[in-house]
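Student: One structure follows; several queries about it will come next.
Read the figures in this text as sums done on the coordinates, not as results from a lab. Because the structure is predicted, anything quoted here is derived from the model rather than measured. Every residue, glycine as well, gets a Cβ built from its backbone with ideal geometry; the counts of neighbours run over all protein chains shown.
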Amino acid sequence: MFGLVALAGVVVNDSLVLIATINERRKKNVEGDVRELVVEGTIRRFRPVLLTSLTTFFGLAPMIFETSLQARFLIPMALSLGFGVLFVTVIALIIVPAFYCILEDGKQGWQRIRSDR
């Protein structure tokens with residue numbers, strides 16, 4: 001349970017860092033294509049997000065491979081958090097930018113529908 005809560009925090013952090021960078025890029029380049037700005041923002045934050053996730057996983061690795069009796073209760077949390085962070089990193093770097101583009105397309109389509117009336 002606690003591993004899931006910690007994992008949710010990592011998801012939110014990675015997504016916020018990515019979205020904030022994309023929005024910052026959009027403010028600087030108002031006329032640019034949204035897809036290009038999303039790709040630029042994702043590429044710019046790829047390494048920090050990846051390094052944060054990998055350091056979290058490798059920091060949990062000793063706990064995952066611990067064999068002592070005292071650690072038996074913490075190993076499931078370390079497993080769920082460690083491998084969840086790796087999975088969430090892929091989601092944050094692929095699905096979040098894709099949803100950002102989908103929402104922007106929907107927003108532009110809605111504005112066109114409203115302006116045609």
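Student: Only one of 79, 60, 93 is part of a helix (DSSP H, G or I), touching a residue at least 60 places away in the same chain (Cβ under 8 Å) and surrounded by 15 or more Cβ atoms within 10 Å (Cβ to Cβ). Can you tell me which?
Tutor: Every option except 93 fails the conditions.
Student: While we're here: Please work out which residue is surrounded by the fewest Cβ atoms within 10 Å (Cβ to Cβ), limiting yourself to region 30-47 and to residues that are within 14 Å of the chain's Cα centre (by Cα) and farther than 13 Å from residue 101 by Cβ.
Tutor: So, considering only residues that are within 14 Å of the chain's Cα centre (by Cα) and farther than 13 Å from residue 101 by Cβ, the one surrounded by the fewest Cβ atoms within 10 Å (Cβ to Cβ) is 47.
Student: Against the conditions (1) over 26 Å from residue 100 (Cβ atoms); (2) surrounded by 17 or more Cβ atoms within 10 Å (Cβ to Cβ); (3) not charged (D, E, K, R), where does residue 69 fall short? Just the number, please.
Tutor: It fails just one condition, (2).
Student: A further question follows. Return the residues of region 6-28 that are more than 15 Å from the chain's Cα centre (by Cα) and surrounded by fewer than 12 Cβ atoms within 10 Å (Cβ to Cβ); say none if nothing qualifies.
Tutor: Across region 6-28, the qualifying residues are 27, 28.
Student: Pairs please, first residue from region 96-111 and closer than 25 Å to residue 10 by Cβ and touching a residue at least 60 places away in the same chain (Cβ under 8 Å), second anywhere and of a type in the set (Phe, Trp, Tyr) and outside any helix (DSSP H, G or I), Cβ atoms under 7 Å, 6+ apart in sequence or on different chains.
Tutor: none
Student: Looking at 39, 49, which is the one that is hydrophobic (A, V, I, L, M, F, W, C), touching a residue at least 24 places away in the same chain (Cβ under 8 Å), in a helix (DSSP H, G or I) and more than 23 Å from residue 8 (Cβ to Cβ)?
Tutor: 39
Student: Only one of (1) assigned to a loop (DSSP other than H, G, I, E, B); (2) under 24 Å from residue 9 (Cα atoms) is not met by residue 68, so which one is it?
Tutor: Residue 68 satisfies every listed condition except (2).
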